[in-house]
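Written out below as structure tokens is the structure these notes cover.
No lab work stands behind these numbers, since they all come straight from the coordinates. Quick caveat: nothing in here was measured; it's all calculated off a predicted structure. Ideal geometry is used to build each Cβ from the backbone, glycine not excepted, and the neighbour counts take in all protein chains shown.
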Amino acid sequence: MARKRKGEQAGLVVEGLKRDYADALCALEHQSPYQLLIATILSAQCTDERVNIVTRDLFKHYPTADAMAEAPLKSIEKLVQSTGFFRNKAKNIKECSRQLVEQYAGAVPRELELLVKLPGVGRKTANVVLGTCFGIPSGVVVDTHVGRLSQRLGLTKEVDPVKIERDLMAQLPQEEWIMFSHRMIHHGRRVCKARKPACDHCNFAEFCPRIGTT
């Protein structure tokens, strides 16, 4: 697909997402930027549904960076165990919270370069927090849904999330970066599912090349 055609395809996708998922919100439940940061760290290799179950209890015990930084590591491990890789996640959460308290008075910084220096925080996590909480379009969040759908819809041939994000940023207007990801995630859950996409019930049928579907 030529670059010009890719841009046209991206425009069709953006308009389709706006039409079908105008009010899409971040799937991770949170009451503060700090809580979204922690929830996103926990979401690695874990479903958002499971993370939401875990964080409801986790944030009852430790709702702020100050509280989490002082929490016993074993207690955090027990609370996040069902998210997988829980020892590493608990260690990162506690250390991230400690650094937030010591370096930023417990607040979440609004700069991508500062966020990605925190334990457990990569570019995807930083993009989620900056976009959702602060309205800062620092990039395009590429999770499993966004990556899969971007390939199927002909927006990228890449498989690496960083390269997929680069392709999307080149095709999408910056003002669409934040909501694009939220809407793609909703579409991936409701219609364009991994194992059995509901192509017969998809409003994108007129312009979707269905790459990689059977």
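Overview of values
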quantity	calculated
Residue within the range 192-200 that is of a type in the set (Gly, Ala, Ser) and part of a helix (DSSP H, G or I) present	no
Selection count where residues are surrounded by fewer than 21 Cβ atoms within 10 Å (Cβ to Cβ) and either in a helix (DSSP H, G or I) or within 21 Å of the chain's Cα centre (by Cα) (or both), scope the range 65-90	16
Selection status of Val140, assigned to a helix (DSSP H, G or I) and in contact with a Phe, Trp or Tyr (Cβ under 9 Å, 6 or more places away or on another chain)	no
Number of the condition not met by Gln81 [criteria: (1) in contact (Cβ under 8 Å) with a residue 24 or more places away in the chain; (2) farther than 25 Å from Pro161 by Cα]	(1)
